[in-house]
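Reviewing the structure listed below.
Derivation of every value follows stated rules applied to the coordinates shown; laboratory data play no part. All values reported here derive from a predicted model rather than from experimental measurement. Here the Cβ positions follow ideal geometry from the backbone for every residue, glycine too, while neighbour counts run over all protein chains shown.
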Amino acid sequence: MKQLTLAARVGVGAGYKQRAAVAVAMAKAAMSTSAKLSGAAPETTKLFINGEFVESQASEWIDVHNPATQEVVTRVPRSTKHELDEAAHSAQLAFGEWRRTSVLTRQRKMLDLQHAIRGSMDALAASIVTQQGKVLADARGDVQRGLQVVES
């Protein structure tokens, strides 16, 4: 179930720029949320479906803790079947569009994604530190390895 929630969260069916924007927005949200006073209620992570952030209708939520402080930095939904179906349908439509896209256009989009990741490396690494408890150097390495996947 966690993988399905994650798939809906990171934008199944979204375009490459939207996925990059989601990654950056999630990193910034994690940093701003972790900076709040511990007494404040944590924000919920919205789903990203069909190019839009939407509030989940889920009845169950998963707390994401900062492993260093045990503070809840956000809550992610256990997405509903309808939300998952909607995300899958969106992905199916996006795939149809992507497969009709020329190789040159695909290449340009991947270069743009590389640029977006490079421009947000610190924010992405900070999100990994907050949500997974890694040291900053290790988190930067994770972002670098992700960038290498996009480059290949």
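The figures follow:
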{"quantity": "Sites Glu60 and Val149 - FRET efficiency at Förster radius 41 Å, r taken between beta-carbons, to 0.05", "calculated": "0.85"}
{"quantity": "Highest to lowest packing among 140-150, 75-85, scored as the average C-beta count within 10 Å", "calculated": "75-85, 140-150"}
{"quantity": "Packing-based order for 110-117, 124-131, 91-98, using average beta carbon neighbours within 10 Å, highest first", "calculated": "124-131, 110-117, 91-98"}
{"quantity": "Rg/Rh ratio calculated on Cα atoms of region 43-87 (Kirkwood radius)", "calculated": "1.05"}
{"quantity": "Label point 7 Å beyond Cα of Trp98 along Cβ direction - residues of region 45-62 with amide nitrogen under 20 Å", "calculated": "47-54"}
